[in-house]
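This report concerns only the one structure given below.
The values are calculated or read from the model by the stated rules, or taken from the named source; none is laboratory data. Since we're looking at a predicted model, the values are computed, not measured. Ideal geometry is used to build each Cβ from the backbone, glycine not excepted, and the neighbour counts take in all protein chains shown.
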Amino acid sequence: MFRRKKALKTEDTHIKQLADIVGPKEVLFHKEDLISYESDGFTIHSHMPKAVVFPKNTEEVAAVVKYCADHDLPFLARGAGTGLSGGAIPLNGEVIISLVKMKRLLHVDLENRQAVVEPGYVNLKLTHSISDKGYYYAPDPSSQYCCTIGGNVAENAGGAHCLKYGVTTNHILGLEVVTPAGDIIEIGREGIADVPGYDLLGLITGSEGTLGIVTKITVRILKNPEEKQTVLAYFDRVEDGSRAVSDIVSRGIVPAALEMMDKIAIEGVEAAAFPVGHPKDIEALLLIEVDGISAGIEEQIDDILDVCKKRNVRSVKVAQDEKERAKWWANRKTGFGAMGAISPDYLVQDGVIPRSTLPQVLQKINEVSQETGLRIANIFHAGDGNLHPLILFDARVPGETEKALEAGSKCLQACADAGGSITGEHGVGIEKREEMRFVFTDQEIQAQTDVREVFNPHYLLNAGKLFPSSGRCAEIKAEQKKAASE
Ligand SMILES: Cc1cc2nc3c(=O)[nH]c(=O)nc-3n(C[C@H](O)[C@H](O)[C@H](O)COP(=O)(O)OP(=O)(O)OC[C@H]3O[C@@H](n4cnc5c(N)ncnc54)[C@H](O)[C@@H]3O)c2cc1C
């Protein structure tokens, strides 16, 4: 009742029109209501939106988008707001289209091993909803207890178990998308392996909300593995832990997950909500999980124990039961937030490297820490070379935020120099726009921004994200035009 009264008390025509589309209770526009939408998981940056709307179905999303497009209002989509690269930050005072009220599981088709969800459906709920039937949804970002599958599609999210099973894009079979002009299109076909034409499914997945708004998702679901075994190994030297990672994979084992934490990370997780009792004086730990049919699992575990021994492991154990396994995973999966127990602020970075370069890149990150005087913890998906340097800082100290950002950029430069890339799963957003130049030439960036222009010609949807400043791209375009006319 209170909200309805507030919504009607505005002279802003746009707000009134938006309220006509979604209903007056489904629009926020007062400053005190908008504050939570100023930022996402990349809290270093914030900006006020014009309004937040909560459509309840695809038609309402399309009508809001059409209204924004017709009235030159910038807009963007938002899921749970857990993104770590600033993708949902309304840089241009956007109308935020929140998908959290579109949160239904629409259909489960066990015969064809697929499920259809609305974009606001929370990742972990899907596995919870189908586990009694013996199925699960594989992509498992550590934020899976609250992030949305729509946000996962936009970021092409990964997770601990993506080493063996692939990231989000490998599990998306079809999408319904509202284009930036407000049209509703279907991409992919339920139950059909391939469709003719361009691979728009691959293009939209990972496009960070710059090409359209996803309103329905068909995902692949998998049968629960017959057996799982989990190993925890402690090392006195980071290098031994890193070498063990490569050795395990080169023995032909593809673990479901192969995670690593260094000493500072261990200090954090042990000081936070889910301590395991890891020794405080070890330099690194590995959490390794193998799964599949029961036959062969024991041999894989024996092989892993042998590798660890050869790499001077201090101690290693296999989880005795599901309770112990769950405890280890809770400790690992809450690792980012655990940094709050040992530092007032932290910046999560996200680079990718060839697995074999792990020791030298970790050494480089250590040098960045010494140069900047900031502690850097490392928690990462070691098996697929996806590093997460966590830069600890205190935003209250003048200049330290800038120093943290600089340290983050240097870590990404180290990843790029090692033949890797600047993001494995968290996206570019606004955080890593300039770092795109570490891995792409101007022409390669231009090829990508040309694609964006086809979908998003007026640049109203999520502008200012993903690519270096549009100024530079505009410059390149002007140069190309000039060259063409000469
Ligand atoms: C503690 C923590 C741990 C994390 N661990 C992981 C991890 O292991 N792996 C990983 O990949 N990520 C991880 N993340 C990052 C984040 O959770 C993921 O990027 C997730 O996919 C974001 O989902 P969301 O619903 O919060 O999206 P939001 O943050 O709301 O949005 C992210 C981007 O997607 C766009 N978007 C959202 N919904 C839609 C839609 N329906 N259509 C089009 N565009 C849309 C937004 O515009 C924005 O650009 C972690 C984050 C935190 C805070």
> Which residues, taken from segment 277-302, are among the aliphatic types (A, V, I, L, M) and either part of a strand (DSSP E or B) or under 20 Å from residue 240 (Cβ atoms) (or both)?
Replying inline: 282, 284, 285, 286, 287, 288, 290, 301
> When you scan segment 42-76, how many residues do you find that are closer than 30 Å to residue 391 by Cα and surrounded by fewer than 20 Cβ atoms within 10 Å (Cβ to Cβ)?
Replying inline: 6
> Given the conditions (1) modelled with pLDDT under 95; (2) within 16 Å of the ligand (Cβ to nearest atom); (3) of a type in the set (Asp, Glu), and given that residue 194 satisfies all but one, which numbered condition is not satisfied?
Replying inline: (2)
>> Can you tell me which of (1) within 11 Å of the ligand (Cβ to nearest atom); (2) of a type outside the set (Gly, Ala, Ser); (3) within 26 Å of residue 69 (Cα to Cα) is the one residue 186 doesn't meet?
In response: (1)
>> Looking at 210, 205 in this structure, which one is near the ligand (Cβ under 8 Å from one of its atoms) and within 24 Å of residue 452 (Cβ to Cβ)?
In response: 210
> In segment 229-244, which residues are modelled with pLDDT under 95 and of a type in the set (A, V, I, L, M)?
Replying inline: 238
> How about segment 47-166: which helices (runs of 4 or more DSSP H) wholly inside it have at least 3 residues that are more than 10 Å from the ligand (Cβ to nearest atom)?
Replying inline: 58-70, 123-130, 162-165
> Right, residue 126: under 30 Å from residue 72 (Cβ atoms) and outside the structural domain of residue 76 (by TED's automatic domain parsing) or not?
Replying inline: no
> Residue check: is residue 258 touching a residue at least 24 places away in the same chain (Cβ under 8 Å), assigned to a strand (DSSP E or B) and within 16 Å of the ligand (Cβ to nearest atom)?
Replying inline: yes
>> Kindly evaluate residue 427 against the criterion of being more than 27 Å from residue 250 (Cα to Cα), of a type in the set (Gly, Ala, Ser) and in contact with a helix residue (DSSP H, G or I) (Cβ under 6 Å, 6 or more places away or on another chain).
In response: yes
>> For segment 336-354, which positions are surrounded by fewer than 18 Cβ atoms within 10 Å (Cβ to Cβ) and part of a helix (DSSP H, G or I)?
In response: 337, 340, 341
>> Anything in segment 355-379 that is assigned to a helix (DSSP H, G or I) and in contact (Cβ under 8 Å) with a residue 40 or more places away in the chain? List them, or say none.
In response: 355, 356, 357, 358, 359, 360, 361, 362, 364, 365, 368
> In segment 425-447, is there at least one residue being under 20 Å from residue 356 (Cβ atoms), modelled with pLDDT of 95 or more and either assigned to a loop (DSSP other than H, G, I, E, B) or within 16 Å of the ligand (Cβ to nearest atom) (or both)?
Replying inline: no
> Residues in segment 99-108: is at least one of a type in the set (Val, Ile, Thr) and within 17 Å of residue 210 (Cα to Cα)?
Replying inline: no
> Which one of 89, 44 is closer than 30 Å to residue 468 by Cα and modelled with pLDDT under 95?
Replying inline: 44
>> Yes or no: segment 103-115 includes at least one residue that is crowded, with 24+ Cβ neighbours inside 10 Å and not small (Gly, Ala, Ser).
In response: no
> Can you tell which of 442, 450 is over 25 Å from residue 66 (Cα atoms) and more than 23 Å from the chain's Cα centre (by Cα)?
Replying inline: 442
> Which residue, of 405, 390, 412, is under 17 Å from the mean Cα position of the chain (by Cα), assigned to a helix (DSSP H, G or I) and not assigned by TED's automatic domain parsing to the domain that holds residue 142?
Replying inline: 412
>> Which condition from (1) within 22 Å of the chain's Cα centre (by Cα); (2) surrounded by fewer than 15 Cβ atoms within 10 Å (Cβ to Cβ); (3) not assigned by TED's automatic domain parsing to the domain that holds residue 411 is the one that residue 295 breaks?
In response: (1)
